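Every read-out reported here was derived from the displayed coordinates using simple, explicitly stated rules and does not represent laboratory data. For clarity, every value in this text was computed on a predicted model and none was experimentally measured. Methodologically, a virtual Cβ is constructed for each residue, glycine included, from the backbone with ideal geometry; neighbour enumeration extends over all protein chains shown.
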Amino acid sequence: PEQWYGVTYREDRDFVKNAISRMKAYRLKELVKHFQLEGKFLKGIGHNSGHINDTFVIEVLNLEGRIKRYIFQRINTKIFNNPEKLMENIEKITTHIGKKVEALGGDPLRETLTIVKTLDGKNFYVDEDNEVWRMYHYIEGAKTYMKVEKPEHMYKTGKALGKFQKQLSDFPVEDLYDTLPNFHNTAMRFENFKRALENNRAGRVDLVRDEIQFILSREKDTRVLIDLLEKGKLPLRVTHNDTKFNNIMIDEATDEGIAVIDLDTVMGGLSLYDFGDSMRSGATTALEDEEDLSKVNFSMELFEEYTRGFLETAGDTLNKEELDHLAFSAKVITLEQAIRFLGDYLDGDIYYKISKENHNLIRARNQIKLVKDMEANMESMKDIVNKYR
Ligand code: A2G
């Protein structure tokens, strides 16, 4: 993946990105032939969200003359280096959720992701360049939003995440492969950050002294959740681990959160990771990469709406320590994200896809602003949790 069709990735990102899009668009028709499509290929459209994988929407014409859509993704194997195990995880949990949905008379094709297999029955296809591709049925009549448009969205996606955790609460966590070990081990993220500082690979340390200081002074926070997990006070559960607001599909007609998507990181984790990450990305007045920090505020109203929804569906499964740390989790997962973005900036932008100069730094500053807001509001956040627990 450092090397795309003979052009080094880091040399000229935009050029390479466009070249990839053209190349892939041209090749999509050939690539999707390896999957069990119900119809004739019409077109593939690039879908520009997500910092990790490449996503396309594929349209085919089915036998009844109707358009059917699929999600088609190139898995970033630099990050997900065992696609076989990764896809096995996804198959297991979507089957588990699908059965529950069906038992209640729902439609699994709408309420969870459903893998489309390859012609030879596999969960993914490896092309001649060793790129790994997978396909899902498209969830129709629903969409994702990069940013919350109305408070009701937060209440309803909160309910959806709570429901998702509950649907998986009887799935044995040991049956899942640990796709990205220590993914939300904030203490370890902090250690990696210190290493990035020492290495100063991109020579950027001097440019961001204030941001570095902000992070270093919060070392204690990074150990709280992992310590409680190690002491057995917080239970290891099956969790999503990447509950960005745009990973919940919202029904276009009812605004209900109908399905939790992007299941690559579903593995053992803390319920608090999912709650915290939802707050980081949902209870904010701006996009994750908004540069104008005067527009970036943590929204207590959105925090309250989400908390109300989440506790309505998942509240009775959580123990006291979990409930006690909900408000804190929002702050610490946002801090963790600031650590990761700033760490990647210091490393020279090697993990997250970027599309402008200083993109990771802009993202890190945005997250730091949210952490500051949450620190200023922590007592009121706890009061809100207490109101609904
Ligand atoms: O970007 C990606 O989705 C990351 N996923 C997630 O952890 C978070 O950092 C997010 C920020 O927008 C992976 O690293 C797999």
Charge dipole of the chain built from unit charges on the beta carbon (Lys, Arg +1; Asp, Glu -1), centred at mean Cα; most positive-end Cα among GLY162, SER380, TYR125 is TYR125
Around GLY98 (Cβ within 12 Å, Cβ-to-Cβ, excluding GLY98; K/R +1, D/E -1) the net charge comes to 0
Using only the alpha-carbon atoms of segment 330-389, report the extent along each of the three principal axes, biggest first, to the nearest angstrom.
43, 18, 16
With each label point set 7 Å from Cα along the Cα-Cβ vector, what nm distance links GLU88 and LEU216?
4.4
Mean Kyte-Doolittle of at least 0.5 plus a Cα span of 27 Å or more along the axis: flag which DSSP H helices in the chain meet both, please.
326-347
Note on segment 250-294: alpha-carbon gyration tensor, axes a ≥ b ≥ c; rule is a/c under 1.5 for rounded, else prolate if a/b larger than b/c, else oblate; result oblate
What lysines sit close enough to LYS40 to cross-link, taking a C-alpha to C-alpha distance under 22 Å and skipping anything fewer than 8 places away on the same chain?
LYS24, LYS29, LYS68, LYS117, LYS122
What are the semi-axes of the equivalent ellipsoid of segment 27-105, taken as the square roots of 5 times the eigenvalues of the Cα gyration tensor, listed largest first and rounded to whole Å?
23, 21, 11
To the nearest 20 Debye, how big is the dipole of the chain about its Cα centre, given +1 on the beta carbon of each Lys and Arg and -1 on that of each Asp and Glu?
340
Could you check the simple spin-label distance between LEU109 and ASP127, using points 7 Å along Cα→Cβ, in nm with one decimal?
2.7
From the Cα centre of segment 95-112 to that of segment 181-256, the distance in Å is 32
Of HIS184, LEU228, THR144, which is farthest towards the positive pole of segment 96-251's charge dipole, taken about the Cα centre with +1 and -1 on the beta-carbons of Lys, Arg and Asp, Glu respectively?
LEU228
Filter the GluC sites (Glu not before Pro) in segment 132-170 down to the DSSP loop ones having no more than 14 other Cβ atoms within 10 Å, then list what survives.
GLU140, GLU149
Would you calculate the separation in nanometres between label points at GLU252 and THR95, each defined as 7 Å from the Cα along the Cα-to-beta-carbon direction?
3.3
Assigned charges on the beta-carbon of Lys, Arg, Asp, Glu; segment 75-133 dipole about Cα centre (debye):
360
Kirkwood-type radius of segment 167-240, with distances r between different C-alpha atoms, in Å:
14.7
What is the gain in length, in nm to one decimal, between PHE171 and LEU119 on full extension, counting 0.36 nm per residue of separation less the C-alpha to C-alpha distance?
15.8 nm
Rg/Rh for segment 190-305: what does it come to with C-alpha atoms and Rh from Kirkwood?
1.02
Distance histogram in 10 Å bins (all Cα pairs of the chain, percent per bin)
5, 22, 33, 27, 12, 2, 0
Given a Förster distance of 25 Å, the FRET efficiency implied by the Cβ-Cβ spacing of ASN81 and LYS231, rounded to the nearest 0.05, works out to 0.20
Gained length - GLU140 relative to LEU197, 0.36 nm times residue gap less alpha-carbon distance
16.0 nm
Ellipsoid equivalent to segment 160-210 - semi-axes via the Cα gyration tensor, in Å
37, 14, 8
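Give me the number: length gained by fully extending ASP206 to GLU291, i.e. 0.36 nm times residue separation minus the C-alpha to C-alpha distance, one decimal in nm.
Between ASP206 and GLU291, full extension yields an extra 28.6 nm.
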Just to confirm my numbers, what's the Cα centroid distance between segment 329-389 and segment 123-172 in Å?
22
